[in-house]
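Have a look at the structure below before the remarks.
The values are calculated or read from the model by the stated rules, or taken from the named source; none is laboratory data. Quick caveat, the model's predicted, so the values are computed rather than measured. Note that each Cβ is placed from the backbone with ideal geometry, even for glycine, and that neighbours are counted across all protein chains shown. Surface accessibility is based on the protein's heavy atoms, side chains included, excluding ligands, DNA and RNA. Shrake-Rupley method; radii C 1.70, N 1.55, O 1.52, S 1.80 Å.
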Amino acid sequence: MDTKRKTKKKMSESKLGYLLVAPALILILVIAIWPVIQSFYFSMFDLRLSKPSKSEAFTSYKVDLHTYLDNYPFLISSLEDETEKTTGKTKQELEEIKAHLEKVDSELKADSKVKDRYDQVDEKLMVMKPVSEDLAKTKADKDIVLELEKVTNDSTERLKEMKDELKDSNSVIGLSESLEDAVITPNFIGFQHYKENLSDNRMWKALQNTTVFTIISVFAELVIGLAIAILINKAFIGRGLVRATILIPWAIPTAVSAFMWKYLYDGQNGIVAKVFEKIGIVDHMTTLLTNSNGAMFSVIFADVWKTTPYMALLLLAGLQTIPTSLYEAASIDGAGKWKQFITITLPLLKSSILVALLFRTLDAFRVFDLVYVLTGGGPANSTETISILAYKVMFNQTNFGEGSALSVIVFVCVAIISMIFIKVLGRDLLNDK
């Protein structure tokens, strides 16, 4: 009887525990996991905002009637005008192009899925009324869409070949190219983006830059931050002022500090660049931001200056949990400062070091704003991190499919780093045997 009661009590406690953590899990799902799922979904498509026919994730064959009817009538009219002004073979080819376009147009209007919407969109455009996207982009028969795509592409190529023989070639070719954008075919490509990225030297170089930046900067911040934490943990006059002063670099917004360091590294007037040249760290002031090694050193140095106080703050919190009685007892037993540090401070500071290293490693691996402002990923992509590469592909090239794939790769790398930290450094902390 007692065993049953204990079992029921444990089950009720488990249910209560799940109930209490449910809001946090839902929040994590909405804020963290859902965007990753969305990015993974978009990475499976060839999404390019520069091309209307690939501006969305399309899984079926469609025709953008707004784009089509905005260009088709004018293209036919232009072809008729050009036909009247030319003779011979050119005239014959223009008539053939026009006949092919009219044939596929009649097939499109005969499609039961398109017919009603075709007339509605045409009427709205005639009176200059707005056309909703849902109305404009309509599903059509696969064979008709493919035929339309073939005819429009063929028309554009043939018009370009006879460009010199046309009176208003720019207008006719422009209308034909615009008509191509009305054709919407499924842009699902599966894992093609991942395959291309994993065989792309630029992506691996960006990962290498990110890894080098992360390892060197985090190691330097840990060593210097631990030294600062031990120093400001001691009792001395003005300790509060020193603690507040040390935190100033961390309090400055990253973009602001990056601009500040950019001026300090300037090859003509930068004070830091001049000092580094004087003490022999660099051969010339300009090497800091124009040389690959100098640029990486500059980024790491700026990051260490800014983020070391954060590391020191986390480690200071851990130091303050260690009882002073342990040091007093060790001192009585004859242990020196270094022995106390090895046998007392480091073991008892393990959990704080884990948290500090985990947070800083994840933050450093995702670095964006510091590098973007300071070097922009240059020179010659020598400081381009994986986040910078994802930004350039997604926004500069408007290739959202490949950019989403790179974002997913960043997420996978961050997840692997987290698991490694917890597995290697956190087994005792989490009792994960």
Just to be sure, is TYR41 open to solvent by 70 Å² or more (accessible area, probe 1.4 Å), at pLDDT 85 or above and under 29 Å from VAL131 (Cβ atoms)?
yes
Tell me, yes or no, whether region 67-86 has at least one residue that is more than 17 Å from ALA182 (Cα to Cα) and among the small types (Gly, Ala, Ser).
yes
Residue check, THR308 open to solvent by 70 Å² or more (accessible area, probe 1.4 Å) and within 34 Å of the chain's Cα centre (by Cα)
no
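Filter region 139-168 down to the residues that are more than 22 Å from PRO186 (Cβ to Cβ) and free of Cβ contacts under 8 Å to residues at least 24 places away in the same chain, then identify the one that is surrounded by the most Cβ atoms within 10 Å (Cβ to Cβ).
LYS160
Looking only at region 176-189, decide whether some residue is within 13 Å of ILE97 (Cα to Cα), touching a helix residue (DSSP H, G or I) at 6+ places or on another chain (Cβ under 9 Å) and surrounded by 18 or more Cβ atoms within 10 Å (Cβ to Cβ). I'd like the intermediate steps shown before the answer.
Step one: list which residues in region 176-189 are within 13 Å of ILE97 (Cα to Cα), which gives 176.
Now drop any that are not touching a helix residue (DSSP H, G or I) at 6+ places or on another chain (Cβ under 9 Å), which leaves 176.
Checking the rest, the ones that are also surrounded by 18 or more Cβ atoms within 10 Å (Cβ to Cβ) come to 176.
Yes: region 176-189 contains one or more residues that are within 13 Å of ILE97 (Cα to Cα), touching a helix residue (DSSP H, G or I) at 6+ places or on another chain (Cβ under 9 Å) and surrounded by 18 or more Cβ atoms within 10 Å (Cβ to Cβ).
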Name the one entry in GLU196, GLU221 that is on the phi < 0 side of the Ramachandran plot, at pLDDT 90 or above, buried (at least 21 other Cβ atoms within 10 Å of the Cβ) and assigned to a helix (DSSP H, G or I).
GLU221
Which of (1) open to solvent by less than 60 Å² (accessible area, probe 1.4 Å); (2) assigned to a helix (DSSP H, G or I); (3) of a type outside the set (Asp, Glu); (4) farther than 22 Å from VAL256 by Cα is the odd one out, the single condition LEU362 does not satisfy?
(4)
Would region 117-137 turn up any residue that is of a type in the set (A, V, I, L, M), over 16 Å from LEU79 (Cβ atoms), surrounded by 15 or more Cβ atoms within 10 Å (Cβ to Cβ) and without any contact (Cβ under 8 Å) to a residue 60 or more places away in the chain?
yes
What are the pairs with Cβ atoms under 6 angstrom where one residue, in region 235-249, is within 15 Å of LEU316 (Cα to Cα) and the other, located anywhere, is open to solvent by less than 50 Å² (accessible area, probe 1.4 Å)? Sequence gap at least six, or different chains.
VAL242/ILE232; ARG243/ILE232; ILE246/PRO309; LEU247/PRO309
Consider only pairs whose beta carbons are under 7 Å apart and that are at least six residues apart or on different chains; among these, list those whose first residue lies in region 386-400 and is in contact (Cβ under 8 Å) with a residue 24 or more places away in the chain and whose second residue is aromatic (Phe, Trp, Tyr).
SER387/PHE368; ILE388/PHE368; ILE388/TYR372; PHE400/PHE42
If only one of SER382, SER407, SER387 is at pLDDT 85 or above, buried (at least 17 other Cβ atoms within 10 Å of the Cβ) and not in a helix (DSSP H, G or I), which one is it?
SER382
Can you find even one residue in region 89-106 that is of a type outside the set (D, E, K, R), modelled with pLDDT under 85, within 18 Å of ASP154 (Cα to Cα) and in contact with a strand residue (DSSP E or B) (Cβ under 7 Å, 6 or more places away or on another chain)?
no
Can you name the number of the only condition in (1) over 27 Å from LEU166 (Cβ atoms); (2) in a helix (DSSP H, G or I) that SER112 fails?
(2)
